[in-house]
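Worksheet for the structure shown next.
The values are calculated or read from the model by the stated rules, or taken from the named source; none is laboratory data. This one's a predicted model, so the numbers in the text were calculated from it and none came from an experiment. Reconstructed Cβ throughout: ideal geometry from the backbone, glycine too, with neighbour counts over all protein chains shown. Side chains are part of the model used for accessible areas, which takes the heavy atoms of the whole protein and leaves out ligands, DNA and RNA. Shrake-Rupley method; radii C 1.70, N 1.55, O 1.52, S 1.80 Å.
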Amino acid sequence: MAHRLIAVAALLLLPFLVSAQSRSSNTRPRCTDLGLKVGILATGPLNAITDVAGVEVGYTTIVSGDNVRTGVTAVLPHSGNLYREKVPGAIFVGNGFGKLTGATQVDEMGEIETPILLTNTASVPRVADAVTTYILTLPGNEDVLSVNPVVGETNDGYLNDIRGRHITPDDVFAAIKKAKTGPVEEGNVGAGTGTVAFGWKGGIGTSSRKLPQNLGGYTVGVLVQTNFGGVLTIAGAPVGQELGQYYLHKELQQGSGKDKADGSCMIVIATDAPVDSRNLRRLAARAWLGMARTGSAASNGSGDYAIATASQLRIHTSEKLPTRHVEPLTNDAMSPLFLAVIEATEEAIYNSMLRASTMSGNGHTVEALPIDKTVEILKEHRSIK
């Protein structure tokens, strides 16, 4: 009888354990925890990029001493040998003040053949070199002579000793090795460890949208690395203005200031819809509408990129035929996916800030977005009940 009671109790606790796992050790909320619904489409079960079947996410988070606050984020379109089973891919450049290794070959060939890595600006070459080593040493790749690593970045030099270039090849290998499906950690993790968004602590955020069956039942997942500025708006509520922290605030109130709203945002998109590289680029372009909804100023110094993949349309190097037989979605069928990526991007950015906690480093402190005050503003503007 005692064993049966224990079993029943375990079943009753399961939903709470899953919720706890999705939050990891971070007690700060996500949008859904606040009752904030972004858009009209349903989320996936985890409301994360890993709702797209096969997609994996891994991190290496580096917090050391007083000055090192950085890391690596790895997004794997699938768990197999990506060089032998490439995926359709595309990149859209919102503002090109950044370093995105591998972009020209992705644009030319429409394929991604490595894990997608995010890091800090000064570490892109080292991370790209490590990803190249990872691919070259995979079993089955002994004859590979050329690798196109895809590595993006944001500049975490305010909180992190970025000149020290503290990321090592082992950090990159660890992020890839730890990549997994399931709940995705958010906030001060991986490449989001030292980032700043809208003057508050930024980080890694994720979200997803699932279309109804009559629109194909496809899932779109988004992961962001937020490190940019502007006038924070959450679900239409002027949060940044009411908290008194926003781009040009000092210039407008005092006649002088130095906030340039610079930084960057990396957006990684995955979908299980059968989308070719041409329409993946169109999908990636729509992500910027989601970023715009959050109040981005799209400043001169912001390096903003979206990388989109469709992991179900594998491109096998073993195929020797001169043609491939695939049935990609038509242009007309893309419109619901466009809305999905807009909503998922918007919510992922909010999650990156809601989940991030106050951090000090490199002689500076960046406060986390104040939850209680933000909730008051959202309620006042009827964004939440």
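When you check residue 360 against the structure, is it more than 24 Å from residue 38 (Cβ to Cβ) and either open to solvent by less than 70 Å² (accessible area, probe 1.4 Å) or touching a Gly at 6+ places or on another chain (Cβ under 7 Å) (or both), yes or no? It is true that residue 360 is more than 24 Å from residue 38 (Cβ to Cβ) and either open to solvent by less than 70 Å² (accessible area, probe 1.4 Å) or touching a Gly at 6+ places or on another chain (Cβ under 7 Å) (or both).
Taken over segment 337-357, the residue count meeting the criterion of being within 25 Å of residue 69 (Cβ to Cβ), of a type in the set (A, V, I, L, M, F, W, C) and open to solvent by 20 Å² or more (accessible area, probe 1.4 Å) is 0. The set of residues in segment 55-100 being over 20 Å from residue 279 (Cβ atoms) and of a type in the set (Gly, Ala, Ser) consists of 58, 64, 65, 71, 74, 79, 80, 96, 98.
Residues in segment 363-385 that are open to solvent by 30 Å² or more (accessible area, probe 1.4 Å), in contact (Cβ under 8 Å) with a residue 40 or more places away in the chain and under 27 Å from residue 62 (Cβ atoms): 363, 364, 367, 370, 371.
Count of segment 327-336 residues, restricted to those that are surrounded by fewer than 10 Cβ atoms within 10 Å (Cβ to Cβ) and either among the aliphatic types (A, V, I, L, M) or touching a residue at least 60 places away in the same chain (Cβ under 8 Å) (or both), is 0. Filtering segment 249-281 to residues that are outside any helix (DSSP H, G or I), touching a residue at least 40 places away in the same chain (Cβ under 8 Å), surrounded by fewer than 24 Cβ atoms within 10 Å (Cβ to Cβ) and out of contact with any Ser or Thr (no Cβ under 8 Å at 6 or more places or on another chain) leaves 259, 274, 276.
Check segment 89-112 and report whether any residue there is open to solvent by 10 Å² or more (accessible area, probe 1.4 Å), outside any strand (DSSP E or B), among the aliphatic types (A, V, I, L, M) and touching a Gly at 6+ places or on another chain (Cβ under 6 Å). Scanning segment 89-112 turns up at least one residue that is open to solvent by 10 Å² or more (accessible area, probe 1.4 Å), outside any strand (DSSP E or B), among the aliphatic types (A, V, I, L, M) and touching a Gly at 6+ places or on another chain (Cβ under 6 Å).
Of everything in segment 113-159 that is free of Cβ contacts under 8 Å to residues at least 60 places away in the same chain and acidic (Asp, Glu), the residue that is most open to solvent (accessible area, probe 1.4 Å) is 142. For segment 35-50, the set of residues classified as touching a Lys or Arg at 6+ places or on another chain (Cβ under 9 Å), in contact (Cβ under 8 Å) with a residue 12 or more places away in the chain and open to solvent by 30 Å² or more (accessible area, probe 1.4 Å) consists of 35, 39, 42, 43, listed by residue number. The residues in segment 243-298 that are among the β-branched types (Val, Ile, Thr) and more than 17 Å from the chain's Cα centre (by Cα) can be counted, and the count is 1.
The set of residues in segment 220-243 that are within 18 Å of residue 206 (Cβ to Cβ) and either open to solvent by 10 Å² or more (accessible area, probe 1.4 Å) or part of a strand (DSSP E or B) (or both) comprises 220, 221, 222, 223, 224, 225, 226, 227, 234, 235.
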